[in-house]
1. State, as an integer percentage, the relative contact order of region 106-169 based on alpha-carbon contacts under 8 Å between residues 6 or more apart.
2. In whole angstrom, how far apart do the alpha carbon centroids of region 49-83 and region 158-198 sit?
3. Along Cα→Cβ, 7 Å out, is where each label goes; now give me the distance between the ones at Arg85 and Ser115 in nm to one decimal.
4. If you take Cα extents along the principal axes in Å from the coordinates, which of (1) 57, 44, 36; (2) 51, 43, 28; (3) 75, 46, 28 do you get?
5. Measure nothing but the geometry: give the 0 to 90° angle between the long axis through the Cα atoms of 260-276 and the longest principal axis through the Cα atoms of the chain, rounded to 10°.
6. Exposed loop sites here are GluC sites (Glu not before Pro) in DSSP loop states with at most 14 other C-beta atoms within 10 Å. What is the longest stretch of the chain lacking them?
7. Past 23 Å, Cα to Cα: identify those pairs from Lys138/Lys189; Lys189/Lys267; Lys72/Lys119; Lys189/Lys212; Lys231/Lys267, in the order given.
8. On a 0 to 90 degree scale, rounded to 10, what angle separates helix 181-191 from the longest Cα axis of the chain?
Amino acid sequence: MSITPIEIPCLDKGFVRLIDVMGNDNSIVQAARVSYGEGTKRLTEDRGLIRYLLRHQHTTPFEMVEFKFHIKLPIFIARQWIRHRTANVNEYSGRYSEMKDEFYIPALGNIRPQSTMNKQGRSDETFPTEQAEIIADKFAASQDQMYAEYRELLEMGVAREIARINLPVSNYTEWYWKIDLHNLFHFLKLRIDDHAQYEIRVYGEAIASIVKEIVPVAWEAFEDYVLHSLKFSRLEANAITVMLGELPSDETLAAAGLKGREAREFKDKFNRMKNQR
């Protein structure tokens, strides 16, 4: 698919750059109709088919769409990112090339205390401006010192693969990252969530803005059935049926956006929940 390269700045020195795309919404439909047969065309329109597939977790047709990005990001974010092992990655090598004098320093408003409620996250509170500036200066001073020592080691003839080992994880790296839409949706479900670390969320939101332009129908389904959906335990489902008592009317369901097949599926789920009590 021929595209115009898209680049979105991220953090202070990073970016997300779309390099290539294979497929679009039509590719998902084509792949599904290979599996389901031509009769599918008479049963539903393309949008309805895509929504049905995602709603029922028929995910392989979404794997027919692939995105390739060039991404520049701090190493500590790359270490979180690489946990998503369903992508193809080729990273800038500090063994073959010199690491660049580029380090991430958070904006003052993002330098925050440790949360007392979340062991792995920052507080919603901020430091006073003067204190945040002192902290930012400490980051910068350490980064400057470590990079100066790195350059000194290189000039002494130390191998690049050894000289780099003291560089901090705030150092920027780059990679090419290729992933199919099914696994990209999983990545975005986790990384644009409010509980994700701010820095990786910035990248997730940049990628999301690109994806929704290229596969708008699939993105709409992803928002409805994955991103903004909730999962209930059996006990929680029991509580819901007790509170509701009886099924909402067709008019109430339609007002909530549930019509036709989706309304019938909701009614079936509700009755199954009641029978499980």
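1. Relative contact order here is 24 percent.
2. Cα centres, region 49-83 to region 158-198: 14 Å.
3. 2.7 nm
4. Step by step, Cα extents along the principal axes in Å for this structure corresponds to label (3).
5. Its long axis makes an angle of about 90 degrees.
6. Value returned for the longest uninterrupted segment is 126-245.
7. Values: Lys138/Lys189 34 Å; Lys189/Lys267 27 Å; Lys72/Lys119 28 Å; Lys189/Lys212 14 Å; Lys231/Lys267 17 Å.
The pairs that break the limit, which is 23 Å between Cα atoms, are Lys138/Lys189; Lys189/Lys267; Lys72/Lys119.
8. So the helix axis and the longest Cα principal axis differ by about 70 degrees.
A short reminder: the numbers here are calculations on the coordinates, not readings from a lab. Because the structure is predicted, anything quoted here is derived from the model rather than measured. Virtual Cβ from ideal backbone geometry, glycine too; neighbours counted across all protein chains shown.
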